[in-house]
1. Output the residue which, of all residues in segment 55-91 that are of a type in the set (Val, Ile, Thr) and in a helix (DSSP H, G or I), is modelled with the lowest pLDDT.
2. Go through segment 38-60 and count every residue that is free of Cβ contacts under 8 Å to residues at least 40 places away in the same chain and over 14 Å from the mean Cα position of the chain (by Cα).
3. Show the residue pairs that are 6+ apart or on different chains and have beta-carbon atoms under 8 Å apart, the first residue being within segment 66-79 and touching a residue at least 40 places away in the same chain (Cβ under 8 Å), the second being assigned to a helix (DSSP H, G or I) and small (Gly, Ala, Ser).
4. Within segment 14-46, take every residue that is surrounded by 20 or more Cβ atoms within 10 Å (Cβ to Cβ) and either among the small types (Gly, Ala, Ser) or in contact with a Cys (Cβ under 8 Å, 6 or more places away or on another chain) (or both) and give me the one that is nearest to Tyr96 (Cα to Cα).
5. Which of the residues spanning segment 1-53 are among the charged types (D, E, K, R) and part of a helix (DSSP H, G or I)?
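The values are calculated or read from the model by the stated rules, or taken from the named source; none is laboratory data. This structure is a prediction, so every number in the text was calculated from the model and none was measured. Reconstructed Cβ throughout: ideal geometry from the backbone, glycine too, with neighbour counts over all protein chains shown.
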Amino acid sequence: MFDYESPKPKEPVDYTGLKLAALVAPVFFLVTFLYNADAGLAAYMVVGVMIFAIKIRWHLRKHIWFWAIIAVILALHVPLVFMVRWPQGHAPTIFYAMPIGIADFLVISGALKFAEQLLSKNSSSNDELGS
């Protein structure tokens, strides 16, 4: 009479976000200790977003140019974290942290996508020449 669907088997829970937060937490505490909490939040956000972008493009991990681009992007973020004057507690951190984090993720992902298109095309044409 009633057509019930059988329950789907449960898949294991994905703890990627929790692992990412735990992995990046020492960065927050180190920068907070050395500089201040607002710069610590910025560093935490930068490293977290970068690791998330790496996770998305993990299939490129065997290319040396991938890691070189990650290193350059990280080096460009160091002055951003330490030289930019972040709001000192007057504005709730989520209001300035979330848009900056999203924009940072889009910039990192765009740079990796651009490099993948540029450098993967060159490596495939070199492979054809070598054959």
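1. Residue satisfying both the conditions and the ranking: Val81.
2. 2
3. Short answer, once both residue conditions are applied: Phe66/Ala115; Ile69/Ala111; Ile69/Ala115.
4. Only one residue fits best here, namely Ala42.
5. Residues satisfying the conditions are Lys19, Asp38.
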